[in-house]
Each structure stands twice: as C-alpha cells, then as structure tokens.
1. Would you mind stating whether Thr99 is among the β-branched types (Val, Ile, Thr) and either touching a His at 6+ places or on another chain (Cβ under 6 Å) or on the phi > 0 side of the Ramachandran plot (or both)?
2. Output the number of the condition that Leu177 fails; it satisfies all remaining conditions of (1) under 23 Å from Lys6 (Cβ atoms); (2) at pLDDT 95 or above.
3. Only one of these is of a type in the set (Ser, Thr, Tyr), surrounded by 17 or more Cβ atoms within 10 Å (Cβ to Cβ) and closer than 21 Å to Ser31 by Cα: Ser154, Ser173, Ser113. Name it.
4. Somewhere in segment 5-28, is a residue more than 30 Å from Val155 (Cα to Cα), part of a helix (DSSP H, G or I), touching a residue at least 40 places away in the same chain (Cβ under 8 Å) and not aromatic (Phe, Trp, Tyr)?
5. Given the conditions (1) more than 16 Å from Phe83 (Cα to Cα); (2) aliphatic (A, V, I, L, M); (3) surrounded by fewer than 18 Cβ atoms within 10 Å (Cβ to Cβ), report the number of the one that Leu127 does not fulfil.
6. Out of all the residues in segment 30-56, which are in a loop (DSSP other than H, G, I, E, B) and under 16 Å from Ile68 (Cα atoms)?
7. Output the residue which, of all residues in segment 30-79 that are modelled with pLDDT of 95 or more and of a type in the set (D, E, K, R), is farthest from Leu124 (Cα to Cα).
8. For the subset of segment 81-92 comprising residues that are assigned to a loop (DSSP other than H, G, I, E, B) and either more than 14 Å from the chain's Cα centre (by Cα) or modelled with pLDDT under 95 (or both), which member is surrounded by the most Cβ atoms within 10 Å (Cβ to Cβ)?
Amino acid sequence: MTASKKILIIIGSATKNSNNQKLMEQVLEKSPHINFHMYDDLSVLPHFDTALTDADTPEEIVKIRDYIDQSAGVIISTPEYIFSIPGRLKNLLEWCVSTNVFSDKPVAFITGSASGEKGHEELLLILKTLGAVVNDKHQLLIKAIKGKFEPDGSVENNTFAKVLELVTDFEKSVSSLK
C-alpha cells in the first residue's frame, strides 16, 4: 500500500448529518493533506442476501467492496444502537464476510454514542472476525457525544484533539505500509 491510496471513512449512523458524520467532517476540514473518501449513506445498500454474495452481487455492494479493497485503510465512525452496532453497518459487514476485503486491512474505529461500550466491543469482535488489523491506539470510545459539541456546532477541543490524533496516527501508520 502506498501513501497515495485513500483512507475510506464509513459513517455507521442511520441518521443523516449525525454527530459521527459531523465529527468526521470536521476532521476532514482540518486535515486537507490526508487523502480521504467518505461513504456516508449505508441506506443505499440492499439487505444482505447470501444468494447474491458471490454472483449477481448488487452494484452498490460491488462498489463499496471495491472502495474497501482499494483503500489504504478504513476508519469507521458509528454510534451504538440498543447496545449493538447500527443495522446498516452490520448489513455492510455481512456483505463482506464471503470476501477478503477486510483481510489484513488496517481499520480504525470511533464509537460516538450516549454510552457506546457494547457497540464498541461488538464492532471490534466483528472486525477481527473479518480479518481486519485493529490496533488498540486506533480505537476511540466517545461517550455522551451529543454533549461534545459546542453551541456553534464544532466539536469541543479535548474530544476533537483525541479524534484528530487517532486519524493522523492512523494515516501515518497506513502510509508506512508497503
């Protein structure tokens, strides 16, 4: 992998303009030197169907799998829904089970939610099952994310610094891979 490859950011929320999306948009604004591609609408993906996983695969699934496969690394920013990951994110990951797109792929993830602990643990387990490479320093749990935003919509400094540090370190890490 080379530094010229993009880092794919996947927003796991089912809500348009979610806190996780706003968080990552602010990181992108402050990091114009990093080559990112954001995938922020998992609603376009059809429901997982084992009969279509290897043949007659829907176009949107082929497209997101290609984004993952061709990226230098993946960053997932997601909330927790009912002590789990959002259904749309789980759907995407299910479409990837029969492939090797996550095998040895560096992945960082941020769980921004009210609590987030169970969803965070579940996502780590799923990513490891898919063969992704997840480093402890490339994981961040942001509890009470709604309270981390200032009245003007910006992320409060301490939280933003942690997210920016994770993203910057992750980018350096994947750029150093050959």
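1. Criteria not met by Thr99.
2. (2)
3. Ser173
4. Step one: list which residues in segment 5-28 are more than 30 Å from Val155 (Cα to Cα), which gives none.
No: segment 5-28 contains no residue that is more than 30 Å from Val155 (Cα to Cα), part of a helix (DSSP H, G or I), touching a residue at least 40 places away in the same chain (Cβ under 8 Å) and not aromatic (Phe, Trp, Tyr).
5. Condition (3) is where Leu127 drops out.
6. Within segment 30-56, Asn35, Asp40, Asp41, Leu45, Thr53 qualify.
7. Asp56
8. Per the criteria, the residue is Phe83.
The values are calculated or read from the model by the stated rules, or taken from the named source; none is laboratory data. Everything numeric in this text was worked out from a predicted model, so none of it was measured. Cβ atoms come from the backbone with ideal geometry, glycine included; neighbour counts cover every protein chain shown.
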